[in-house]
Amino acid sequence: DSGVTQTPKHLITATGQRVTLRCSPRSGDLSVYWYQQSLDQGLQFLIQYYNGEERAKGNILERFSAQQFPDLHSELNLSSLELGDSALYFCASSAGPAKGDTQYFGPGTRLTVL
Amino acid sequence: AQKITQTQPGMFVQEKEAVTLDCTYDTSDPSYGLFWYKQPSSGEMIFLIYQGSYDQQNATEGRYSLNFQKARKSANLVISASQLGDSAMYFCAMAATEGGSYIPTFGRGTSLIVHP
């Protein structure tokens, strides 16, 4: 158990809908990262938050947004869902954004868009 | 730009034998970190081992060791005494501060199957 929690574990929804994925980092970790894992794209970095502020942005679509709250939990919002958004979404946390910081991953949320 | 390459899509090993999973990387940053993660069929990503670019010795964690060859830009994972539970996908990742942020780039992974 990495100490990172993600809910829900599975999510099935329809095209055009909006969903929210939730992540709680390990105790003491200030950085949260979101990744998308699909068969064709591999593991893709979406966005990073550090202590409530956006720190780095990767291949995140405009339909997707995220935030980190004062208690350090984070939410990833996916809207206007398309079939291609079906993937495993991971949250990871680390102590900070410093070099050498190891990311610990949550169990993931498997999103299926029908 | 950062690049990670795992050239072995699949590997097979006999139980109790050692296996090496290959990983090469490319970065212009002299300071970087190398990571290996394991993803079993259940889906979670499990951190295995870390090597810093300035670390003098190869990292080891139990049955896992990282064969770090800086000049060759390789960071191979060695699993000794393989167990059936080692069957999983293994991902190599590298993080450097190109572009101002320290975000790992992941390889496409190697599927390891351990035979009894």
Surrounding net charge for B:L66, when Lys and Arg each add one and Asp and Glu each subtract one, Cβ distance under 15 Å: +2
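Please work out the Kirkwood hydrodynamic radius for the stretch B:1-110, using every pair of different C-alpha atoms, and report it in angstroms with one decimal place. Could you put the intermediate results ahead of the total?
Working: mean 1/r = 0.0708 Å⁻¹.
Computed over the stretch B:1-110, the radius equals 14.1 Å.
Per residue of A:100-110, count partner chain C-beta atoms within 10 Å of its C-beta, then hand back the mean as an integer. List each step's numbers first, then the result.
Details: counts 11, 4, 8, 9, 4, 7, 2, 4, 5, 1, 1.
The per-residue average across the peptide is 5.
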Expressed in angstrom and rounded, the centroid-to-centroid distance over alpha carbons for the stretch B:1-80 and the stretch A:35-106 is 23 Å
With +1 on the Cβ of every Lys and Arg and -1 on the Cβ of every Asp and Glu, the dipole magnitude of chain A about its Cα centre, in debye rounded to the nearest 20, is 100 debye
If we count every other residue with Cβ under 11 angstrom of A:I47's Cβ, Lys/Arg +1 and Asp/Glu -1, where does the sum land? +1
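Working from the pairwise distances between different alpha carbons, so that the mean of 1/r is found and then inverted, what is the stretch B:22-85's Kirkwood radius in Å? Walk me through the numbers on the way to the answer.
On the way: mean 1/r = 0.0786 Å⁻¹.
It works out to 12.7 Å.
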Grab every C-alpha pair in the stretch A:29-83, bin the distances at 10 angstrom width from 0 up to the longest one, and report whole percents. 24, 52, 21, 2
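Taking every eigenvalue of the Cα gyration tensor of the protein assembly as shown, multiplying by 5 and rooting it, what semi-axes result, largest first, whole Å?
Values: eigenvalues 169, 89, 49 Å².
That gives 29, 21, 16 Å for the three semi-axes.
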Rounded to whole Hz, the Karplus (6.51, -1.76, 1.60) HN-Hα couplings of the stretch B:19-32, x for glycine and proline: 9, 10, 9, 8, 8, 10, 9, 8, 7, 9, 7, x, 10, 8
Treating chain A as a set of equal point scatterers at the Cα positions, no solvent, please give the Debye-formula log₁₀ I(q)/I(0) at q = 0.12 Å⁻¹. -0.37
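Can you give the local net charge around A:E75? Use residues other than it whose beta-carbon is closer than 14 angstrom to its beta-carbon, Lys and Arg +1, Asp and Glu -1. Provide the component values of the computation, followed by the final result.
Values: positive: A:R18, A:R22; negative: A:E54, A:D71.
Summing Lys and Arg as +1 and Asp and Glu as -1 gives 0.
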Within a 10 angstrom radius of each residue's Cβ in A:41-48, how many Cβ atoms of other chains show up on average? Whole number is fine. 4
Provide the per-residue ³J(HN,Hα) series for the stretch B:81-97, in order, calculated from phi with Karplus coefficients 6.51, -1.76, 1.60 and θ = phi - 60°, each as a whole number of Hz, with x at glycine and proline positions. 6, 3, 10, 4, x, 7, 4, 4, 8, 10, 10, 9, 9, 9, 10, 9, 9
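Rule-based calculations on the coordinates, nothing more; no lab input. Computed from a predicted model, the values in this text were never measured in an experiment. Methodologically, a virtual Cβ is constructed for each residue, glycine included, from the backbone with ideal geometry; neighbour enumeration extends over all protein chains shown.
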